[in-house]
Amino acid sequence: MMPGRTWPWLLVAALFLQSGIAASAAPETFEAGRDYQRLPGQAQTLADDKIEVVEFFMFSCEHCLIFEPILQAWEQRLPKDVVLRRMPVALGVIGKRDARIFYTAQALDVGAQIQAATFDALQRQKQVLRSDDEVRAFFVDKGIKAEAFDQAFYSPEVESQMTQGVLLAQLYGITTVPSIGVDGRFRLSAQQSRTYQRFLRITDYLVNTSR
């Protein structure tokens, strides 16, 4: 075939490739009921001037442990109008222990330190933290005075946060972890999302929807 007759085919191929690139660049969309749930009512949010994203987790959940560094990286790039709030789910005896450890650490202003240490102790070191004495020894080992721990562990502040956490999990309809609530209006789970990356892409989508 003469060179002068080949250019239309090259043009068609170029247009085809261009259309394929445009299609692949189309924004990803998600569907309520399939990828996430829209709550029947409005759950309470603490950040009135920001879009609140709540991660529901348990220290004893291996999936939460795997998800934690992925979530931390995602948190680093959050825009100023979005805030991430972590919420332990007090399901059963183990969940209640997880929640009390979390809120006690918050009350003692060592939340980040104890959160990382608790994941490590329970899942990597297989440490037992069932009794009050075992939990106290765990905090003391992390540099917290026993007297300060005792004052915080069953304090009215921690008890109130435990109650509020249970209520919020109920309002969001949380039955599995890790799950995420967005703006008091949407709920999604890692199990439903299939991958952690898709889990957060849906979260980003719902944040944009909330805007």
Rounded to whole Å, give me the distance from the Cα center of region 145-211 to that of region 55-84. 10 Å
Can you tell me the 0 to 90 degree angle between the C-alpha axis of helix 62-76 and the longest principal axis of the chain, rounded to 10? 70 degrees
Given H placed on each backbone N at 1.01 Å, which residues far from S155 in sequence or on other chains put an amide H within less than 5 Å of it? none
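May I ask what percent, to the nearest 5, of DSSP beta bridges between residues of the chain are antiparallel?
Values: 10 of 18 bridges.
Antiparallel bridges: around 55 percent, rounded to the nearest 5.
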Hey, in the GNM for the chain with a 10 angstrom Cα cutoff, which one of Q115, Q37, Q125 fluctuates hardest? Q125
The chain - Rg (one decimal) and Dmax (whole number), Cα, Å: 23.0, 91
Compare the Cα positions of L39, L108, V83 along the charge dipole of the chain (+1 at Cβ of Lys, Arg; -1 at Cβ of Asp, Glu; about the Cα centre) and return the one farthest towards the positive end. L39
Quick one: angle between helix 156-172 and the longest Cα principal axis of the chain, in degrees between 0 and 90, rounded to 10, please. 30 degrees
Ignoring everything except DSSP H segments at least 4 long, calculate the 222 nm mean residue ellipticity for the chain; use -39,500 (n - 2.57) per segment, divide by total residues, nearest 500. -16500 deg cm²/dmol
How big is region 126-173 along each principal axis, measuring the range of its Cα positions in Å and listing the largest first? 36, 27, 16
Find the lysine pairs in the chain meeting two conditions, Cα atoms under 30 Å apart and a separation of 8 or more places or different chains, and report how many there are. 7
Could you list which residues have their amide H under 5 Å from that of F57, counting only those 5 or more apart in sequence or on another chain, with H placed in the peptide plane? M87, V89
Positive end of the charge dipole of the chain (Lys, Arg +1 and Asp, Glu -1 on Cβ, about the Cα centre): tell me which of P27, I174, Q127 has its Cα farthest that way. P27
Taking only the alpha carbons of region 92-175, the radius of gyration and the largest Cα-Cα distance, Dmax, both in angstrom, are 12.7, 37
If one compares the long axis through the Cα atoms of helix 7-24 with the longest principal axis of the Cα atoms of the chain, the angle in degrees, nearest 10, works out at 20 degrees
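How big is the charge dipole of region 74-116 about its Cα centre, in debye rounded to the nearest 20, if each Lys and Arg gets +1 on its Cβ and each Asp and Glu gets -1 on its Cβ? Can you show the working numbers first?
On the way: 7 positive and 4 negative charges, 22 e Å.
Charge dipole of region 74-116: 100 debye, to the nearest 20.
Each value in this text was obtained by applying a stated rule to the coordinates, not by laboratory testing. In this text the structure is predicted, and so the values were computed from the model without any measurement. Methodologically, a virtual Cβ is constructed for each residue, glycine included, from the backbone with ideal geometry; neighbour enumeration extends over all protein chains shown.
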